[in-house]
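Right, one structure below, let's go through it.
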């Protein structure tokens, strides 16, 4: 009986030690400015959680659900998401012919990128500009409305 009690005591102490260490193992969400808009990307798709946001400071939390690395580019455009000018290579957007806002150059698979932007009212296009990704449908529109 004494042996069982000692084993139970060790298990309880080990469990308490693990529980005490848990707060140190959890990660806080990254600090951000303005409202937070979640965006999920995967191979050849971009899914903003909302189709529009109010102008001003906005933070995009971009989760790469896909199996490969992607980039995430934001440009201002009066056209629809599938009407951006194509570069001479024929497989990517001509970034010199659009109004750039900002970008995340690499978001590895199963990781999150954070991009804080100051956006004025208008239309924006979110896209991946790796070879062929935009043409494969990896783009989405975002409307920014006056607050």
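The values are calculated or read from the model by the stated rules, or taken from the named source; none is laboratory data. In this text, all values refer to a predicted model and were calculated from it rather than measured experimentally. All Cβ positions, glycine included, derive from the backbone under ideal geometry; neighbour counts span all protein chains shown.
Remarks
- Among the residues of region 18-75, the ones that are modelled with pLDDT of 95 or more, out of contact with any helix residue (DSSP H, G or I) (no Cβ under 8 Å at 6 or more places or on another chain) and not in a loop (DSSP other than H, G, I, E, B) come to 27 in all.
- Elements of type strands (runs of 3 or more DSSP E) contained in region 108-147, each with 2 or more residues being under 20 Å from residue 61 (Cα atoms) and in contact with a helix residue (DSSP H, G or I) (Cβ under 9 Å, 6 or more places away or on another chain): 122-127, 139-145
- Candidate set from region 42-51 (those that are loosely packed, with under 14 Cβ neighbours inside 10 Å and in contact (Cβ under 8 Å) with a residue 60 or more places away in the chain); member that is farthest from residue 107 (Cα to Cα): 51
- For region 55-88, the candidate set comprises residues that are within 18 Å of the chain's Cα centre (by Cα) and loosely packed, with under 15 Cβ neighbours inside 10 Å; within that set, the residue that is nearest to residue 125 (Cα to Cα) is 57.
- Residue within region 95-107 that is touching a helix residue (DSSP H, G or I) at 6+ places or on another chain (Cβ under 9 Å), assigned to a loop (DSSP other than H, G, I, E, B) and either on the phi < 0 side of the Ramachandran plot or surrounded by 14 or more Cβ atoms within 10 Å (Cβ to Cβ) (or both) present: no
- Condition check for residue 120: modelled with pLDDT of 95 or more, under 13 Å from the mean Cα position of the chain (by Cα) and more than 16 Å from residue 66 (Cβ to Cβ): no
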